[in-house]
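Participant: Quick one: the structure is below, questions incoming.
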Amino acid sequence: MSATGIAVAMLQVVLTIAAAPLLVGMMRLVRARLEGRVGAPIRQPWRDLRKLLRKERMVSANTGWVFSIAPLVLLASAALVAGIVPFLSTRSALDQVGDLFAVVYLLLLGTVFLSLAGLDAGTAFGGMGASREMTIAAIAEPTVLVAIFALSVSTGSSNLGAIVAATLAHPSTAASPESLLAFAALAVVTIAETGRIPVDNPATHLELTMIHEAMILEYSGPDLAMVELAAHLRLVVFLGLLANLFVPWGIATTVQPLHLAAAAAAVAIKLVALAATIAAIEVFIAKVRLFRVPELLAASFVLAFLAVTASFFLA
Amino acid sequence: MNDTAFVQLLDIAAGLVLVTSFAALWLRRLVAVARVIAVQGVALAAVAFVIGLYEHENELVAVSLMVGALRGVVLPGLILRAVRAGDERREVESLINVPAALLAASGLTLIAYAATRDVVALSSTPQVRALPLGVAVMLIGMLLIVTRRKAVLQIMGVLMLDNGIALVMFLGTSGVPLAVELGIASDVLLAMFILQVLTSRIRNKFGGTDLDQLRELRD
Amino acid sequence: MVGFSLALAAVAAALAMAAGAALPMRARVLWVGVLTALSAAAGGAAAVAVLAGSGTFTANYPNLFPLGGVRLEFDALSAIFVLATAVVAVPASIYGIGYSAHGPASRPVQIAFPLLVWSVMMVPAAGNVTGLIAFWELMALSSLVVVLAEHHHNTEARTAAQWYAAMTHLSLLAIVLALIVLARQAGGDSFADIRLGVHQVGPISAGVVFLLTLVGFGAKAGVVPFHVWLPRAHPEAPSHASALMSGAMVKLGVYGLVRVGWDLLGGGPVWWGAVVVVVGLVSAMFGILHALIASDLKRLLAYSTTENIGLIFIGVGAAGMFASSGNRTLAAVALAAAMLHVVNHAAFKGLLFLGAGSILSATGTRDLDRLGGLARRMPVTAATFAVGSLAIAALPPLNGFVSEWLLLQSLVHSLPSSAAVVAVAMPVAVAVVALTGGLAAATFVKAFGTAFLAMPRTAEADQAHESPRTMQIGLVALSGVCIALALAPTVFAAPLQRVALAVGGLADGRPIHTNGVYLQLSGIQAGLSPLLLAVGLMVMIVAALAVVRRGRVRRTIRDIPAWGCGRTVQTARMEYTATSFAEPLQRVFDDVLHPEIDIDVDHRTESRHYVQAIRYRMHIRDGFEHRLYLPLLAAVRRWGDRARAVQNGSIHRYLAYSLVTLIVVLVVSR
């Protein structure tokens, strides 16, 4: 673990945190424009966070220490993942610390703490959100791990740096059936795990349909700021994983500042393109019923499963 | 066309044939299923087209174009007409639920891979390695026939089964003689017409094509 | 050193039993706890010595029993299981001091518990067939006494003990048959002789011995379909004994399977491993689904044991499949994953059972739907239970994650060139492991969330108080073990190599490499550092705290009411219960679980449009119990009824039976 490696990891974390609210603001703006509204400026999520950080912290009388530490764990796990995922360079110091499995389970750690916080609030909404969130997380898990299986068969490793390096070395693998199928599977899971339409609606406060918002109803002030920032960060992490695992070009394989800057520009372009696509698609589709979500995830599981069989047998 | 590009295009086209058969299990609207079957026909034609180009067999290219027209446009078009003509509900009714059907189809895919392993081991051409996909499509077509309740869906299942057979043929033999392909296609066309006539008669007589109700014909 | 420790363990256990028999109640509980902990610690010391490389310890007592002697053979495979036992037994014994003071302090239980601990440690140490069977039976009987601890005021305990006794003797029968066939064909009683003579065993007999072993040890391990005794016996035993049974005793099923199948028999064809993997997959899925919907906390933990044993079986079976198809390095990794999970599961399942015991003694109930709000009333129990829950849900940076990671790595890197059955099994195995992981997270969010968080649902939960000091020591010690195992799994690199070498038919070489903090696998280009992950998380948390503190937060207002859609009164009846939490997932798996739902609606007499009361009952039965065992029992009962016709109480008829028997014997033997 070299000093430059640590520096790269820190840089990734800082840049991702800075960019995440902007990306969310961009998605809201795209959506607003497509719906014929003017929409808030791109930096509105940052303004919201700043405002929340200055507000006072109100904590319900029913809650305990789990409620207080949950935002911290949620944010910390997302930030740590932002340091592991190769956004800028394959030479991040955290690459050997955790592989794709560790990334998935770290994100699950955040989900678990947020669900516990939802239960700790003691309201019907908190429990409802927690229960639904864990349901979706649990049945999304096979898709994710089987997709990772498919990715690691062709490269022989589940380490993110190794997968990215293998794709860079053999560009043709990016268009092979197994990567396309794995990409599709992970895309569905990304939508489910980040609470986008058609699984959850990030803009809703309609009691019976919300999932993520139901868990965080009791948060206010700086706690809410942390939860919101973590949600933005998770979105960027998932999109960044999708972008750089399957289309890694532009990523730096060194730690020279010039290469890193170029990599930052490349990943920014990829993220904006992905996010704009998602926002645009969301305008045209409706949220599905909660009990149809398993069908969606079963379909994504099948895609991941086919990716594994393809990589096993076509290789 | 160089080797890598050929392998990839072939794999993607053949993979699309398989993915569309999963999509046919997943979708709920009859019209959407018919459209997916059309995509499957086009993907099947693309497989033949790619092989024909790679091996410089003009005959196969010609066959592929015909297959594309027949299975991508004509047959699905007939099915769509049958769906639209029916005044019954246009939703899929199945004996097992969607996730279960998808998991069962995944299992069938594994079985197809395991069963064709020895055949695949005989040769190392990319065509033969993709052979299990065709077998899997056949099995999934049969699953569709077995588990769905509407006669229209049974017709689609037959078409999918036939697509699978055609895929196996394209991959297993390098280039199908035109006559064979024409013969099969006309067989399917004939079957389609028969089924078409049958369904319309069933519908006229009994007011629906739910197969479970056909049981009563036994007595 | 090893011999001395084992002798000390035996002496301490004997003293503990004597104390249990002789001393008055208060002193009895104290001394039994202390001496049992000493015995387990001595066993653990022996295990550590062997794992650290002191070599296999053997001893021979040829004339211990009239018909055969006992041989001890304490190698690395034995040691890892003894270590797992010590990990849970030492804290559980100390915990038992406080726990028994309010409950199971009777003489039989206090004598049986040290005997149970000692026999669980001696089963893996046995080096011949006679010794293995003797210790096995000792363990079965002492655990049966413990399950019966509360039979006076609890009829459930009696039924549980009947199921347990039946299953444990089915297990013994299969094991005795398997070992006798094996010993006879290989020509020897001691394990060393069997290993030498195993080439004389034909492939068919080897297969039969293996299947009998799988049935016998599988019944003890609680894999499907032999799991039915677990969710009955574990809830009824005193909690520190359930911790020992669930954390250590059921693992001996795994030990027996590995010892006989892959050490003594030296491994076999690929289908051996495949069968074990399939059993593991079914157990893992079935166990976690029933844990998910259980609202009895200890029943939930028991089903979760079936799940974890399933995961261990997947590891062992995968190792067998890899070894049979020629990839012995990968087999070593899979075996290492299974063995590490044995130790990890002992730590966190022991911890969770002790936590459940604390809840039970504080509130008098195990029903999650009647608990709630315990985090503020029982802070130590809550914090330690949280550690156990995160660990068992395989979340980083705790220890469950490390073994799950190892297992996934070994499954994912099965090469495409290996046998067809491997290629087909591994994607399914990864999917099932992933799904059980996700469902385990949901299960333990439910368990921790409904028991400890929000408002108490009943008066008993409201009046709960923290448990006595000795119980807290047990809880804190075990959560410390969980954290230590999580941060420093690298210390197991060399011991796991010794275990791999001890199992001749399964693996060789070194599964895990380590350079200080990183965990690296041989033959697999993948790394993990749980320690640095934990450090990273802490750094991020501190950084987030620092940033938030700088944001000029004015003050914290507590005591505001939770938002209830405009309602001002918030009662515990509005909270989600354990049952409602699991409902969406239960719906997803409806086709597997087959819940029976009754809804009765009573209308008001004035008008049918007004509802007076709605009763909703949902019951989910264990499918195997319902469809397999109950018909089986009914059949046995019918046979029994028929046999009753033979006896009508007439003394003449009985004498006639004797006469007939005598004649038959005379004719047959001539």
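Participant: Mind running the shape call on region A:168-259? Use the C-alpha gyration tensor, a ≥ b ≥ c as the square roots of the eigenvalues: rounded below 1.5 for a/c, prolate if a/b tops b/c, oblate otherwise. Write down the numbers at each step before the final one.
Facilitator: On the way: a/c = 5.27, a/b = 1.71, b/c = 3.08.
In terms of gyration-tensor shape, oblate.
Participant: Are there any trypsin sites (Lys or Arg not before Pro) in region A:38-133 that are in a DSSP loop and have at most 13 other Cβ atoms within 10 Å? List them by number.
Facilitator: Working: sites: A:ARG43, A:ARG47, A:ARG50, A:LYS51, A:ARG54, A:LYS55, A:ARG57, A:ARG91, A:ARG132; in loops: A:ARG43, A:LYS55, A:ARG91.
Those satisfying the criteria are A:ARG43.
Participant: Which peptide among C:490-500, C:427-437 comes first, and what is the full order, when sorted by highest mean count of other Cβ atoms within 10 Å?
Facilitator: Working: C:490-500: 21.6, C:427-437: 25.4.
Those peptides, ordered most packed to least, come out C:427-437, C:490-500.
Participant: When chain A is treated as a GNM, springs tying every alpha-carbon pair under 10 Å, which of A:SER68, A:SER220, A:SER172 comes out with the largest mean-square fluctuation?
Facilitator: A:SER172
Participant: Still on this structure, please answer the following. Tilt of helix A:44-54 relative to the longest C-alpha principal axis of chain A, in degrees (0 to 90, nearest 10)?
Facilitator: The answer is roughly 50 degrees.
Participant: A further question follows. Give, rounded to the nearest 20 debye, the magnitude of the charge dipole that the protein assembly as shown has about its Cα centre when Lys and Arg contribute +1 at Cβ and Asp and Glu contribute -1 at Cβ.
Facilitator: Dipole about the Cα centre, nearest 20: 1980 debye.
Participant: From the backbone phi of region C:80-87, what are the Karplus-calculated ³J(HN,Hα) couplings (6.51 cos²θ - 1.76 cosθ + 1.60, θ = phi - 60°) in whole Hz, Gly and Pro given as x?
Facilitator: Those phi angles translate into 5, 6, 5, 4, 4, 5, 5, 4 Hz.
Participant: Then there's this: With an 8 Å Cα cut-off and a minimum separation of 6 or more residues, compute the relative contact order for chain C in percent. Provide the component values of the computation, followed by the final result.
Facilitator: Values: 1192 pairs, mean separation 82.6, N = 670.
12 percent.
Participant: Along each of the three principal axes of the Cα atoms of region A:256-304, give the extent in whole Å, ordering the values from largest to smallest.
Facilitator: Rounded to whole Å, the extents work out to 49, 26, 14 Å.
Participant: Between region C:462-511 and region A:1-73, what is the C-alpha centre distance in whole Å?
Facilitator: Cα centroid to Cα centroid, the span is 38 Å.
Participant: What list do you get for A:VAL97, B:VAL47 if you sort them by fewest beta carbons within 10 Å? Kindly include the intermediate steps, with their values, before the conclusion.
Facilitator: Numbers: A:VAL97 24, B:VAL47 28.
By the 10 Å Cβ count, ascending: A:VAL97, B:VAL47.
Participant: So, one more: Show me, for region C:163-179, the HN-Hα J-couplings you get by feeding each phi into the Karplus relation (A = 6.51, B = -1.76, C = 1.60, θ = phi - 60°), rounded to Hz, glycine and proline as x.
Facilitator: Using θ = phi - 60°, the values come out as 4, 4, 4, 5, 5, 5, 7, 4, 4, 4, 4, 5, 5, 4, 4, 4, 6 Hz.
Participant: Which ³J(HN,Hα) values, rounded to whole Hz and listed in residue order, are derived for region C:559-576 from phi using the Karplus coefficients 6.51, -1.76 and 1.60 in 6.51 cos²θ - 1.76 cosθ + 1.60 with θ = phi - 60°, glycine and proline given as x?
Facilitator: Couplings: 6, 7, x, 6, 7, x, 6, x, 6, 9, 8, 10, 10, 5, 5, 8, 5, 5 Hz.
Participant: How many times 2.2 N^0.38 Å is the alpha carbon radius of gyration of region C:296-453? Write down the numbers at each step before the final one.
Facilitator: Details: Rg = 17.6 Å, N = 158, 2.2 N^0.38 = 15.1 Å.
So region C:296-453 has a normalised radius of gyration of 1.17.
Participant: For n ≥ 4 DSSP H runs only, could you compute -39500 (n - 2.57) per run for chain C, divide by its residues and tell me the 222 nm figure to the nearest 500? Working shown, then result.
Facilitator: Values: 26 runs with 442 residues, N = 670.
Taking each H run of at least 4 residues, the total per residue is -22000 deg cm²/dmol.
Participant: Something else about it: Among A:VAL164, C:GLN586, C:SER361, pick out the residue whose Cα is farthest towards the positive end of the charge dipole of the protein assembly as shown, where Lys and Arg carry +1 and Asp and Glu carry -1 on C-beta, about the Cα centre.
Facilitator: So the residue we want is C:SER361.
Participant: Region C:558-626: which trypsin sites (Lys or Arg not before Pro) are DSSP loop and have at most 14 other beta-carbon atoms within 10 angstrom? Show your work: numbers first, answer last.
Facilitator: Values: sites: C:ARG558, C:ARG567, C:ARG573, C:ARG587, C:ARG604, C:ARG608, C:ARG615, C:ARG617, C:ARG621; in loops: C:ARG604, C:ARG608, C:ARG621.
In loop regions of region C:558-626 (DSSP not H, G, I, E or B), the sparsely surrounded trypsin sites (Lys or Arg not before Pro) are C:ARG604, C:ARG608, C:ARG621.
Participant: Can you give the convex hull volume per residue for the Cα atoms of chain C, as a whole number of Å³? Could the numbers behind the result be given before it?
Facilitator: Details: hull volume 146.7 nm³, N = 670.
Convex hull volume per residue, Cα atoms: 219 Å³.
Participant: Still on this structure: How far is helix A:65-84 tilted off the main Cα axis of chain A, in degrees rounded to 10, range 0 to 90?
Facilitator: That helix lies at roughly 20 degrees to the long axis.
Participant: With +1 on the Cβ of every Lys and Arg and -1 on the Cβ of every Asp and Glu, and nothing else charged, how large is the dipole of region C:623-669 about its Cα centre, in debye rounded to the nearest 20? Present the calculation step by step, with values, prior to reporting the outcome.
Facilitator: Details: 6 positive and 2 negative charges, 25 e Å.
It comes to approximately 120 debye.
Participant: Which residues' amide hydrogens lie under 5 Å from the amide hydrogen of C:TRP563, considering only partners 5 or more residues apart or on another chain, with H built in the peptide plane?
Facilitator: Here nothing satisfies the definition.
Participant: Right, next: Can you find, among B:GLY72, C:VAL569, C:LEU501, the residue sitting farthest towards the positive end of the charge dipole of the protein assembly as shown, where Lys and Arg contribute +1 and Asp and Glu -1 at Cβ?
Facilitator: Going by the charge dipole, the pick is C:VAL569.
Participant: Rank the residues C:THR85, C:THR329 as a footprinting-exposure proxy: fewest other Cβ atoms within 10 Å of their Cβ go first. Working shown, then result.
Facilitator: Values: C:THR85 31, C:THR329 20.
Sorted ascending by nearby Cβ count, the order is C:THR329, C:THR85.
Participant: Counting only C-alpha contacts under 8 Å and six or more residues apart, can you give the relative contact order of chain A as a whole percent? Kindly include the intermediate steps, with their values, before the conclusion.
Facilitator: Numbers: 513 pairs, mean separation 88.9, N = 315.
Relative contact order of chain A: 28 percent.
Participant: Also: Determine, for C:ILE597, B:ILE111, C:ILE175, the number of other Cβ atoms within 10 Å of each Cβ, and report the residues in order from fewest to most.
Facilitator: On the way: C:ILE597 9, B:ILE111 15, C:ILE175 25.
Least to most surrounded, the residues fall as C:ILE597, B:ILE111, C:ILE175.
Participant: While we're here: What ratio of Cα Rg to 2.2 N^0.38 Å holds for region C:162-237?
Facilitator: Numbers: Rg = 14.8 Å, N = 76, 2.2 N^0.38 = 11.4 Å.
Relative to the rule-of-thumb radius for its length, region C:162-237 sits at 1.29.
Participant: Tell me what chain A gives for mean residue ellipticity at 222 nm when only DSSP H runs of n ≥ 4 count, each as -39,500 (n - 2.57), the sum divided by the residue total, rounded to 500 deg cm²/dmol. Each step should come with its number before you reach the end.
Facilitator: Working: 11 runs with 222 residues, N = 315.
Value at 222 nm, helices only: -24500 deg cm²/dmol.
Participant: Expressed as an acute angle from 0 to 90° and rounded to the nearest 10, what is the orientation of the C-alpha long axis of helix A:177-193 relative to the principal long axis of chain A?
Facilitator: Result, in degrees: 10.
Participant: May I pose another question? Taking H as built 1.01 Å from N, whose amide H comes closer than 5 Å to the amide H of C:HIS513, not counting residues under 5 places away?
Facilitator: Answer set, sorted by chain and number: C:GLN520, C:LEU521, C:SER522.
Participant: Follow-up. Please give me the summed charge of the neighbours of C:THR436: other residues whose Cβ is under 14 Å from its Cβ, Lys and Arg +1, Asp and Glu -1. Walk me through the numbers before you get to the answer.
Facilitator: Values: positive: none; negative: A:GLU141, C:GLU307, C:GLU404.
Net charge in that neighbourhood comes out at -3.
Participant: What dipole magnitude, in Debye to the nearest 20, does chain C give about its Cα centre under +1 on Lys/Arg Cβ and -1 on Asp/Glu Cβ?
Facilitator: On the way: 45 positive and 31 negative charges, 171 e Å.
Dipole about the Cα centre, nearest 20: 820 debye.
Participant: Return the Rg/Rh value of region A:3-313, two decimal places, where both radii are evaluated on C-alpha atoms and Rh is the Kirkwood radius. Don't skip to the end; give the middle numbers.
Facilitator: On the way: Rg = 18.9 Å, Rh = 19.8 Å.
Radius of gyration relative to Kirkwood radius: 0.96.
Participant: Another question about this same structure. For a bin width of 5 Å, list the pair-distance distribution of region C:269-550 built from all Cα-Cα distances, rounded to whole %.
Facilitator: 1, 6, 12, 15, 16, 15, 12, 9, 6, 4, 2, 1, 0
Participant: May I have the count of lysine pairs in the protein assembly as shown with C-alpha atoms under 30 Å apart, counting pairs 8 or more residues apart or located on different chains?
Facilitator: Lysine pairs meeting the criterion: 15.
Participant: Also, I was wondering about something else. Can you list the residues, at least 5 places off or on another chain, whose amide H is less than 5 Å from the amide H of C:GLU575, using H built in the peptide plane?
Facilitator: Under 5 Å from the amide H of C:GLU575: no residue qualifies.
Participant: Which of the three applies to region C:623-669, rounded, prolate or oblate, going by the alpha-carbon gyration tensor with a ≥ b ≥ c and a/c under 1.5 meaning rounded?
Facilitator: Oblate, because a/c is 1.5 or more while a/b does not exceed b/c.
Participant: Just want the answer: with Cβ charges of +1 for Lys and Arg and -1 for Asp and Glu, which residue in C:LEU632, C:ALA19, C:VAL129 is farthest toward the dipole's positive end in chain C?
Facilitator: C:ALA19
Participant: In 5 Å bins starting at 0, how do the alpha-carbon pair distances of region C:257-380 split up by percent?
Facilitator: So the P(r) values, bin by bin, are 2, 11, 16, 18, 14, 11, 9, 7, 5, 4, 2, 0.
Participant: Take the Cα coordinates of the protein assembly as shown, assign each an equal point scatterer, and use the Debye formula without solvent to give log10 I(q)/I(0) at q = 0.04, 0.06, 0.09 Å⁻¹.
Facilitator: Log-scaled intensity ratios, in q order: -0.24, -0.54, -1.18.
Rule-based calculations on the coordinates, nothing more; no lab input. Everything quoted here is computed from the prediction, not taken from an experiment. Neighbour counts run over all protein chains shown; Cβ positions are idealised from the backbone, glycine included.
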